[in-house]
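The values are calculated or read from the model by the stated rules, or taken from the named source; none is laboratory data. Given the structure is predicted, the values throughout are model-derived calculations rather than measurements. Because the Cβ atoms are built from the backbone with ideal geometry, glycine has one as well, and the counts that use them run over all protein chains shown. The area values use the complete protein model at the heavy-atom level, side chains included, leaving out ligands, DNA and RNA. Shrake-Rupley method; radii C 1.70, N 1.55, O 1.52, S 1.80 Å.
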Amino acid sequence: MSLFVVSKTRFDVRRLRFILENRVSKKLIKSLLEDREGVATIDRLLDDYIMGTVSKRDRIVYYAFFKILDMVRMSFNRTEDVFKEELKNITIRKVFLNGLKSIKNFGFTVPQSFDSPVMVVWNYTNNCNLRCKHCYQDAGVMGSRMGKRELTTEERKRVVDELSRYDIPSIFFSGGEPLIEKDFLEVARYAKSKGFYLTIASNGTLITKDMARKLADIGFGYIQVSIDAATPEKHDEFRGVKGMWERAVQGIKNLNEVGLTPVIAYTHTKDTHNEFRGILELRKKIGAYKVVVYNYIPVGRGDIENDPTPQMREEIMKIMYDELQNEHHVLATTNPVFGAYCKMNGASSAILAHYADLRVKELGAIADVIGGCGAGRAYVAIQPDGGVTPCVYMPNLVVGNLMEQSLGEIWKDSPIMKQLRAREDIKGACATCEYQAVCGGCRARAYSYFGDLMGPDPGCMLNLKYYEEKQKELSNNRKKEELIDKHLLKVG
């Protein structure tokens, strides 16, 4: 689940490759990561850079490093003063450390394979107060009482400790509904004390004024609130409980009152397809910062019947593209195909941006480096029992468990993770697409449709024939089932 936005800033990947891939630079990166008297060289240099006290010797010895810093600053459209202020942030420091370790261990790749996840999505619980049609987790009021083990509070803190061993910038809490758990605030506060940038995906119905204040006190970044329709009736029907639209909207207003950044999370399905423009208007009306368009994956309770056609997806992408090209930077999406769509239509790039503070840091255009589906390559999911999956939309593809293994072992040694990083033997149009680096297709969609991690992404127009073939197969199967049912009724 990557998050993409458009940026008009150009980033010279060829120049960066030239700087990073020579023998001198490789030695430099190794030196930057070395500890000297308990302090990493990169931390010392960043501190000196911020304070303006870099010695002449360091400017010569670490010339390439400071050149890269300057390239990054200009690519992100930052003044030197603003950039220096942002470098004080431990989250940004982690991004730098992760990037250097990734280049040291994997080399400079397009897209880049990361030494540790850029972001972790933690499905905190299977419990939820709603019953949404599309829930990939099949969460509900009896979520943790249906034979599904969930971590204790102490085990959840152990997970935080394990994640803190690596240069992971952010934790994105999801569910189920995280706020329904009694220990959530305690564990979130513990994670914040470890230096993580924290965000939440919530249905918004439990964000009272008091809860909003508590979230603000902890220091959360942005909070996603799920709203799938501009009208209460449609949203409530989709979410399974009446009165939830008003509570979600009020939750956004409560977040605004305490200075947190609310974001509308809209899932694009056949049911909600015609609601998108209304959602954009609702965003302005209630003061949400952005609309995140979630890529529907038929898994969990998500019925394949509700999966939008590639034509529907393209229609939504065109609206998004037009909005962004008109400088309305209020949209993002988890659909990697949008990266290819932007490139095809002349935008300079699209990027992964989950780890940014979206209110003040619109990360620049490193699409070819970070771009495309991040499952197992840039991000990973943790399940309520500590299980690790490459993506939240692959809840049953467990590659390890943090109660039994380290994250490093799972991330680097799992054959499935290695396969996702390599992106070899991808099928369909994804195999030959010139935009594979910035897209590569959604691996969860391929897995959901074909049981093949390297299958074609049937959400892309270039793979239309695969979508139509699968839909025809499903239609024929339904007809056979109907005939069998009719026959059984007659016999009965």
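Values for this structure:
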quantity: Failed item, numbered, when E155 is tested on (1) more than 21 Å from the chain's Cα centre (by Cα); (2) free of Cβ contacts under 8 Å to residues at least 24 places away in the same chain; (3) not in a loop (DSSP other than H, G, I, E, B); calculated: (2)
quantity: Some residue of region 212-225 being in contact with a helix residue (DSSP H, G or I) (Cβ under 7 Å, 6 or more places away or on another chain), outside any strand (DSSP E or B) and farther than 30 Å from R377 by Cβ; calculated: yes
quantity: Some residue of region 113-134 being surrounded by fewer than 18 Cβ atoms within 10 Å (Cβ to Cβ) and of a type in the set (S, T, Y); calculated: no
quantity: Residues located in region 285-311, provided they are touching a residue at least 40 places away in the same chain (Cβ under 8 Å), among the basic types (K, R) and either open to solvent by 20 Å² or more (accessible area, probe 1.4 Å) or under 13 Å from A444 (Cα atoms) (or both); calculated: R301
quantity: Unique match (being open to solvent by 10 Å² or more (accessible area, probe 1.4 Å) and more than 29 Å from M317 (Cα to Cα)) among L462, L402, L407; calculated: L402
quantity: Inter-residue pairs, beta-carbon under 8 Å, first without any contact (Cβ under 8 Å) to a residue 40 or more places away in the chain and in region 202-218, second not β-branched (V, I, T), 6+ apart; calculated: K214/L185; I218/L185; I218/A188; I218/R189; I218/K192; I218/L198
quantity: Positions within region 227-276 being of a type in the set (S, T, N, Q) and within 18 Å of C128 (Cα to Cα), in sequence order; calculated: T267
quantity: Cβ pairs under 6 Å, 6+ apart, first in region 164-188 and of a type in the set (S, T, Y), second open to solvent by 10 Å² or more (accessible area, probe 1.4 Å) and not in a strand (DSSP E or B); calculated: S164/K194; S170/Y355
quantity: Any hit, region 170-186, residues being farther than 30 Å from D236 by Cβ and in a helix (DSSP H, G or I); calculated: yes
quantity: Selection from region 388-399 of residues that are over 13 Å from I416 (Cβ atoms) and open to solvent by less than 10 Å² (accessible area, probe 1.4 Å); calculated: V392
quantity: Hey, F4 at pLDDT 90 or above, under 27 Å from E327 (Cβ atoms) and either of a type in the set (G, A, S) or touching a helix residue (DSSP H, G or I) at 6+ places or on another chain (Cβ under 8 Å) (or both) or not; calculated: no
quantity: Residue match in region 423-433 (condition: within 19 Å of the chain's Cα centre (by Cα) and crowded, with 24+ Cβ neighbours inside 10 Å); calculated: no
quantity: Test: L397 is without any contact (Cβ under 8 Å) to a residue 60 or more places away in the chain and in a helix (DSSP H, G or I); calculated: no
